[in-house]
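Q: Sharing a structure with you now.
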Amino acid sequence: MSRVGKKPISIPSGVTVSLGKDNVVTVKGPKGELKESVDREITIAVKDGQVEVNRPTDQIRHRAMHGLYRALIANMVTGVSEGFVRELDIVGVGYRAELKGQQIIMALGYSHAVVFDIPKGIDVAIDKQTHLTVTGVDRQLVGRAARQGDPGSFQFFLSLEDELLRCLKPEKRERIKHRAAQYGELEIPEKWLS
């Protein structure tokens with residue numbers, strides 16, 4: 001990760017980056033504000049419209065943290081200036097979703113509706129009852145909201161562009177295995193198929 005850490009982060013117009021007490025980096029922009037606590041051994045310098053992340057030594061631990069914190073700060077800058085978006089599709093006959101307040105009510109073939117509480121800081125838009133758009137400034141939070149739940153525990157699956165996020169119920173897994181072998185397009189982790 002050290003190669004990642006060496007690249008400076010350019011700060012776009014309208015975004016401010018400041019370093020506070022206890023090595024807390026605060027990034028403010030038109031879409032919001034994010035804070036991240038950085039390890040004391042990693043130094044952060046804001047100068048000439050760029051953020052530089054430096055490490056004290058070439059130890060493995062320092063190299064790993066160097067790249068990690070550089071990536072986290074870069075994601076914060078991108079988040080407050082542009083935001084992050086995840087597009088999800090619900091696939092299944094009769095499956096649909098509906099937005100009510102801060103909850104998504106999904107009809108997924110069960111005898112009851114599946115209710116998903118939207119986390120604070122995340123916006124969800126539903127188009128045509130099967131297409132969900134998850135947006136927010138925090139990349140980690142957007143990713144967690146888009147992948148909420150344990151793979152294999154849902155009867156449906158959501159597709160993120162071409163990536164398979166959730167598997168179907170056990171009876172349908174064999175059909176997916178057959179299609180994957182036939183077309184060679186779907187790569188499904190073994191733990192989802194067991």
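Q: Which residue is modelled with the lowest pLDDT, if the candidates are limited to segment 87-104 and must be surrounded by fewer than 17 Cβ atoms within 10 Å (Cβ to Cβ), of a type in the set (A, V, I, L, M, F, W, C) and in a strand (DSSP E or B)?
A: By that ranking, first place goes to V91.
Q: I'm told I118 meets every condition in (1) modelled with pLDDT under 90; (2) open to solvent by 30 Å² or more (accessible area, probe 1.4 Å) except one. Can you identify the failing condition by its number?
A: (2)
Q: Do we find a residue being part of a helix (DSSP H, G or I) and open to solvent by 40 Å² or more (accessible area, probe 1.4 Å) anywhere in segment 49-61?
A: Keep residues of segment 49-61 that are part of a helix (DSSP H, G or I), which gives 60-61.
Among the residues that remain, those that are also open to solvent by 40 Å² or more (accessible area, probe 1.4 Å) are: 60-61.
Looking for residues that are part of a helix (DSSP H, G or I) and open to solvent by 40 Å² or more (accessible area, probe 1.4 Å), one finds at least one in segment 49-61, hence yes.
Q: Taking the residues in segment 1-19 that are in a strand (DSSP E or B) and in contact (Cβ under 8 Å) with a residue 40 or more places away in the chain as candidates, determine which candidate is most open to solvent (accessible area, probe 1.4 Å). Talk me through it step by step, then tell me what you get.
A: Step one: list which residues in segment 1-19 are in a strand (DSSP E or B), which gives 9-10, 16-19.
Subset that is in contact (Cβ under 8 Å) with a residue 40 or more places away in the chain: 9-10, 17.
Details: I9: 9, S10: 78, V17: 22 Å².
Checking each candidate, the answer is S10.
Q: If you don't mind, there's one more thing I want to ask. May I ask you to list the residues in segment 62-86 that are within 26 Å of G32 (Cβ to Cβ) and open to solvent by 60 Å² or more (accessible area, probe 1.4 Å)?
A: L68, E82, V85, R86
Q: Is it the case that T78 is more than 19 Å from the chain's Cα centre (by Cα) and polar (S, T, N, Q)? Spell out the reasoning first.
A: Details: more than 19 Å from the chain's Cα centre (by Cα): no; polar (S, T, N, Q): yes.
Taking the combined requirement at face value, the residue does not satisfy it.
Q: Hey, another quick one. Kindly indicate the residue of segment 16-54 that is aliphatic (A, V, I, L, M) and out of contact with any Phe, Trp or Tyr (no Cβ under 9 Å at 6 or more places or on another chain) and also farthest from G5 (Cα to Cα) among those meeting that condition.
A: Per the criteria, the residue is L34.
Q: Which residues, taken from segment 33-48, are part of a strand (DSSP E or B) and either open to solvent by less than 40 Å² (accessible area, probe 1.4 Å) or hydrophobic (A, V, I, L, M, F, W, C) (or both)? Walk me through how you get there before you give the answer.
A: Our first condition is that a residue be part of a strand (DSSP E or B); within segment 33-48, this holds for 33-37, 43-47.
Listed by number, the residues that qualify are L34, I44, A45, V46.
Q: Sort out which residues of segment 20-32 are out of contact with any Ser or Thr (no Cβ under 8 Å at 6 or more places or on another chain) and open to solvent by 60 Å² or more (accessible area, probe 1.4 Å), and write them in order of number.
A: Here is the first cut: in segment 20-32, the ones out of contact with any Ser or Thr (no Cβ under 8 Å at 6 or more places or on another chain) are 21, 32.
Within segment 20-32, K21 is the sole residue that qualifies.
The values are calculated or read from the model by the stated rules, or taken from the named source; none is laboratory data. All values reported here derive from a predicted model rather than from experimental measurement. Cβ atoms come from the backbone with ideal geometry, glycine included; neighbour counts cover every protein chain shown. Surface areas here come from the heavy atoms of the whole protein model, side chains and all, with no ligands, DNA or RNA. Shrake-Rupley method; radii C 1.70, N 1.55, O 1.52, S 1.80 Å.
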